[in-house]
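Here is the structure we will look at, set down as C-alpha cells.
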Amino acid sequence: MNKSIKKWAVTAAAGLLLAGCASLPSSAELDSLTQTIVKASFRTEGQALVERVTAVDDTNRLCSQADVAGKPLDEKVAKAIEESNFKAIKWPADGKFLGDWKQGEAIAQSGRGLTWTDPAKSANGGNCYNCHKMAPQEISFGTLGPSLYQYGKLRGVSDPNSPASKPIVEYTWGKIWNSKAYNACSNMPRAGHAGILTEDQVRHIVALLLDPNSPVNK
Amino acid sequence: MYKKTLWGAAACALLLASAAAQQPKTASQGIDEYRAMLQDGNPADLFEAKGEGLWKQKRGPKNATLEQCDLGKGPGVFKGVFVELPRYFPDTKRVQDLESRLLTCMSTLQGFDEAELAKTAFGRGEQNNLTALATWIAAESKGMKFNLSQSHAQEKVFYEVGKRLFFQRAGSHDFSCASCHGEEGKRIRLQDLPRLTQNPGDGVGFAAWPAYRVSNGQMWGMQQRLNDCYRQQRFPYPGFASDATIALGLYLGVNSKGAVSIAPAIKR
C-alpha cells in the first residue's frame, strides 16, 4: 500500500515535470501533487492518525486554499462555512453554560493533549494562554489571539445568569465550541467540535471568561 | 525626621520609576540575557567535531568514507553547500535537503540500509551520526548567505508544494505552519515567533538549524525541528527525509534568501 502510493507520487511528480518543463503545473495540479506527497509522507503515530491530514474537512481545505492564494475567501463561501459550523455547535444539554472558573483556569493553562506523544487517555488542555492574555497574574501569555483580559467585564456582564447576558454567554460557548461558526478561517481551534475539550471543560472555560469572580474579570 | 521621610519618598519614587521602566521588559530581557549567556559556549562544537571525524572515517558495510559524497557542488565539496540546500540532484532525480542527501551518501558510498536508517528514531544509533554530520556540514557555511536555486523545474514545483504545506490547516486543532509563523511580531506564550513567509532575518528560522537545544540537551537538525513542529501541530508523523519535509524546508530556505546562516545555533 505504502509502496504503491510512493510509486504513484514519483510518477505523478515525473508526469507533472514532463508536462511543465516550460511553465509550472497549474494550481490545481500542484494541489493534487501536494495531497499525493502528504499521503506518501505522513503516517499514523500514537493517537495522531494519518487521517488528520488525509481526510481534511471543507472548512480547512477551503481556508488553506485561500491562504495559499493570499486572498480572503469569497464572501458567500465564507458564509456557507460559518453556517455549517454553526449548525454543528452542540449546546449544553442541561442549559448550563457556566462551570467553575478555577477549573477553567487550569484547563486554559494546559497545552497538553492529542499529539503523538500524549497518552490517548490523558485529559486535554485548552491551550488558551498560548495565544491569549487572560488572568493578569499569568504573564506568560501569547499574542496570536486577542487579549481576553476583562472579557466579561468589558462586555458588561455582571450576572451571567441574567437574561441580558444571554447573547454574550451563548456566543462565548459557541466560539469556544466551534470558532469557525463566527469566522470561517479563524486561527482558533474548534475545541468542542473537534473533541479537544469536553462539554464540562467548555463550561469551565466559559466561567473563566464570564464569571465576575474570575481573575479574568478583576 | 522630615529629611528622612523626604529621602524615603525620593528613594521610593526612584524605585518605582526604575521598576516602571523595567517592568515591561523584565521577561524578555531576562530571556535575552539567558541567551547571551548561552553564547559563551555552544555544545554544538562537539557534534561538529564528531561530524568531521565521521566524514573521513571508513564505515558501514562497504567500509568507505563519505569523502566522495556530492552535496551539490561536486564530490567532496562541503564548504558552502549548506546554504544552497535543498536542491535538485540529477543522480537521484529528487529534490533533497542536507539530511536526506547525507542519507543517500551513507547508503551508496558506505552501504547503509537507507530505509532502515530513515526509520531509526531521532537521537538513536546512526541517526545520531547523521545529525553530527549535518551539524558539521552546516558549520562549514557559517556566515554565508542563503541562496537556494530555483532554476530546475522540480525545485519550482517543490517550492509550490512547500507553500501549500505551510498553509495546510489540518489535524485536531486546524493548525497550519502559518497559524504561528504567518504574521510579524507574534508570540506563543513568551516565545517570539518568526514570520516564515519571507526572509525572517539573519540566523532566524531556517538559518539557525541544526541547533543545540539547552532545554533538553539535544542536537537537532532541520528534519527534527520540522518533525517537532508537526507534533505540536497535532499532525501525524512526517517520515524522515520524506518529500513533505523536504518541500517545506525548500519553501523556508528559498524565503530565507540573503539571510546569514548561524547554524549550528544554540537554542533555549
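The values are calculated or read from the model by the stated rules, or taken from the named source; none is laboratory data. Because the structure is predicted, anything quoted here is derived from the model rather than measured. Here the Cβ positions follow ideal geometry from the backbone for every residue, glycine too, while neighbour counts run over all protein chains shown.
More than 24 Å from A:Ala93 (Cα to Cα) and within 21 Å of the chain's Cα centre (by Cα): which single residue out of A:Asn178, A:Asn187, A:Asn217, A:Asn124 fits that description?
Of A:Asn178, A:Asn187, A:Asn217, A:Asn124, the one residue that is more than 24 Å from A:Ala93 (Cα to Cα) and within 21 Å of the chain's Cα centre (by Cα) is A:Asn187.
Taking interchain pairs and intrachain pairs at least six residues apart, which have beta carbon atoms under 6 angstrom, with the first residue in segment A:109-125 and modelled with pLDDT under 95 and the second not hydroxyl-bearing (Ser, Thr, Tyr)?
Once the first residue is modelled with pLDDT under 95 and sits in segment A:109-125, its partners that are not hydroxyl-bearing (Ser, Thr, Tyr) give A:Ala120/A:Gln47.
Give segment A:29-79 a look and list any residue that's among the acidic types (Asp, Glu) and either under 19 Å from the mean Cα position of the chain (by Cα) or in the same structural domain as A:Thr115 (by TED's automatic domain parsing) (or both), or say none.
A:Glu51, A:Asp57, A:Asp58, A:Asp67
Working only within segment B:106-121, note down all residues that are closer than 18 Å to B:Cys69 by Cα, in a helix (DSSP H, G or I) and more than 21 Å from the chain's Cα centre (by Cα).
B:Met106, B:Ser107, B:Thr108, B:Glu114
Give me a count of the residues in segment A:93-108 that are surrounded by fewer than 17 Cβ atoms within 10 Å (Cβ to Cβ), in a loop (DSSP other than H, G, I, E, B) and either β-branched (Val, Ile, Thr) or touching a residue at least 12 places away in the same chain (Cβ under 8 Å) (or both).
Number of matching residues: 3.
Exactly one of these conditions fails for B:Gln218: (1) free of Cβ contacts under 8 Å to residues at least 60 places away in the same chain; (2) more than 26 Å from B:Lys156 (Cβ to Cβ); (3) out of contact with any helix residue (DSSP H, G or I) (no Cβ under 6 Å at 6 or more places or on another chain). Give me its number.
B:Gln218 satisfies all of (1) free of Cβ contacts under 8 Å to residues at least 60 places away in the same chain; (2) more than 26 Å from B:Lys156 (Cβ to Cβ); (3) out of contact with any helix residue (DSSP H, G or I) (no Cβ under 6 Å at 6 or more places or on another chain) except (1).
What are the residues in segment A:12-26 that are modelled with pLDDT of 90 or more and loosely packed, with under 13 Cβ neighbours inside 10 Å, if any?
Of all residues in segment A:12-26, those modelled with pLDDT of 90 or more come to A:24-26.
The answer is A:Ser26, and nothing else.
Going through segment B:227-268 one residue at a time, which ones are among the β-branched types (Val, Ile, Thr) and crowded, with 24+ Cβ neighbours inside 10 Å?
B:Thr245, B:Ile246 - these are the residues of segment B:227-268 that are among the β-branched types (Val, Ile, Thr) and crowded, with 24+ Cβ neighbours inside 10 Å.
Looking only at segment B:51-63, decide whether some residue is touching a strand residue (DSSP E or B) at 6+ places or on another chain (Cβ under 8 Å) and in contact (Cβ under 8 Å) with a residue 60 or more places away in the chain.
no
With A:Gly46, A:Gly99 as the choices, which residue is within 26 Å of A:Glu199 (Cα to Cα) and within 14 Å of another protein chain (Cβ to nearest Cβ)?
From the options A:Gly46, A:Gly99, the qualifying one is A:Gly46.
How many of the residues in segment A:113-127 are farther than 15 Å from B:Asp228 by Cβ and of a type in the set (D, E, K, R)?
Within segment A:113-127, residues that are farther than 15 Å from B:Asp228 by Cβ and of a type in the set (D, E, K, R) number 1.
Among the residues of segment A:44-58, write down those that are outside any loop (DSSP other than H, G, I, E, B), surrounded by fewer than 23 Cβ atoms within 10 Å (Cβ to Cβ) and touching a residue at least 12 places away in the same chain (Cβ under 8 Å).
If the condition is that a residue be outside any loop (DSSP other than H, G, I, E, B), surrounded by fewer than 23 Cβ atoms within 10 Å (Cβ to Cβ) and touching a residue at least 12 places away in the same chain (Cβ under 8 Å), then A:Glu45, A:Thr54, A:Asp58 are the ones that fit.
In this structure, does B:Phe122 turn out to be of a type in the set (Phe, Trp, Tyr) and under 21 Å from B:Ala208 (Cα atoms)?
Considered against the rule, which asks whether it is of a type in the set (Phe, Trp, Tyr) and under 21 Å from B:Ala208 (Cα atoms), B:Phe122 comes out as yes.
Where in segment B:122-226 are there strands (runs of 3 or more DSSP E), lying wholly inside it, with at least 1 residues that are buried (at least 19 other Cβ atoms within 10 Å of the Cβ) and either touching a Ser or Thr at 6+ places or on another chain (Cβ under 7 Å) or within 11 Å of chain A (Cβ to nearest Cβ) (or both)?
B:186-188, B:191-193, B:218-220
Identify all residues within segment A:125-154 that are at negative phi and at the interface with another protein chain (Cβ under 9 Å from one of its Cβ atoms); write none if there are none.
Selection gives A:Tyr129, A:Asn130, A:Cys131, A:Ile139, A:Ser140, A:Phe141, A:Gly142, A:Thr143, A:Leu144.
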